[in-house]
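The values are calculated or read from the model by the stated rules, or taken from the named source; none is laboratory data. Keep in mind it's a predicted model, so treat the numbers as computed, not measured. Note: ideal-geometry Cβ built from the backbone for every residue, glycine included; neighbour counts use all protein chains shown. Only protein heavy atoms, including side chains, enter the accessible area calculation; ligands, DNA and RNA are left aside. Shrake-Rupley method; radii C 1.70, N 1.55, O 1.52, S 1.80 Å.
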Amino acid sequence: MPQELSTTQAYTALPFDSFAMGSSEREQLQQGTAALLKQCLADFGLSATFSGDYIQQASEDPKDPLIYQWGGRLGTLPLDQAEEYGYAAPPGGEWSNGAGIYLSSVENLNPVMPNDPTEAAQLAAVMYGPEQGMILGEGGDDQALTPDLIPTDGSGNAPSENGCYAVVEEEIGVPFVDLRDLTSDVYGLTFSHEAVKEKADSWSACMSDAGFDYARFEEAPTANAGAISADTIAAASADVDCTTTTRWPDTFYFVLADYQQQSIDKQPEKFQSALDAERERLDAVNKLLGE
């Protein structure tokens, strides 16, 4: 560890960033994949809204807009924003998924399940296969859909063994190269690093003096997600003050970048293949949609 670290460490590009498409391309990939899944669901008379790490959800009531969490890098929240919105994104600002440390992945794409248990089971049966069509009961007393409740297509056929998910994956024909475990491991190593733990202790003590009990940096934005209130604003403002005082991002992101580069150096071909797969999937999805 260098004795002096840059105060802009938290704003520099991280090594893993070089092996992922940009957010706009990932949004295009998730929206396109969702469109293909919707086409398959429509064959069985169903529809669904999809939630993904790169798909912004919209409120059904324009008078009651959704409150999004600020999606910037942990430790870089501006004080003026914290004092007005807490950890929430300013209304009308650019949307970015997540708050705190959230391991966003283009693979995280799922249908929003209906509240009705039977309708949810039917959607699961078509999305993932008839065996997944379980009506959730209280205390784990789940019941499988009876054959007459499993949706069929126009020819009377039940969903395939692994549902629309598998059908669309076969159509795309380019599997993801999953880096989520590697990403999680690198964050675990970073939080376990002695220099980072020392900074976390200093930040935690500062937050305690301000009346908040958090051990790790990401706990504050996670615990204060949701509505903008006096409490969330107070927590976010104290967080920014303690971050400025302790300068923990300088150490955290230096260590994180080092561990990321070590991970890349061990298997560079895997990281490159992950980026190649994302790009090839996007091309395949666009062709299937006629774009």
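Observations
- Per the Debye calculation on the chain with a single equal scatterer at every Cα and no solvent contribution, log₁₀ I(q)/I(0) for q = 0.07, 0.11, 0.12, 0.14 Å⁻¹ amounts to -0.35, -0.82, -0.94, -1.14.
- Averaged per residue, the stretch 38-79 has 59 square angstrom of accessible surface, using a 1.4 angstrom probe with ligands and nucleic acids left out.
- For the stretch 110-149: rounded, prolate or oblate by the Cα gyration tensor [a/c cutoff 1.5]: oblate
- Accessible area ranking (1.4 Å probe, heavy atoms, ligands and nucleic acids excluded), largest first, for Ser208, Ser51: Ser208, Ser51.
- Set of aspartates and glutamates near Lys38 by C-alpha distance (under 17 Å), chain-local residues within fewer than 8 positions excluded: Glu27, Glu107, Glu119, Asp153, Glu169, Glu170, Glu171, Glu291
- Contact order normalised by residue count of the chain, Cα under 8 Å, 6+ apart, percent: 28
- Put a plus charge on the Cβ of each Lys and Arg, a minus charge on the Cβ of each Asp and Glu, and nothing anywhere else: the dipole of the stretch 208-291 about its Cα centre is then about 240 debye.
- Summing Lys and Arg as +1 and Asp and Glu as -1 over all other residues whose Cβ lies under 13 Å from the Cβ of Gln30 gives a net charge of -2.
- Positive dipole terminus of the chain, leading residue within Phe254, Val285, Gly154 (C-beta point charges): Phe254
- Charge dipole magnitude, Cβ of K and R +1, D and E -1 - the chain, Cα centre, debye nearest 20: 520
- Counting only protein heavy atoms and a 1.4 Å probe, the stretch 169-290 has 50 square angstrom of accessible area per residue.
- Structural descriptor for the stretch 160-291: relative contact order 40 percent, calculated from alpha carbon pairs under 8 angstrom and at least 6 residues apart.
- Of the whole protein surface, Thr12 contributes about 60 Å² of accessible area at a 1.4 Å probe radius.
- Portion, in percent, of the accessible area of the chain that falls on carbon or sulfur, probe 1.4 Å: 47
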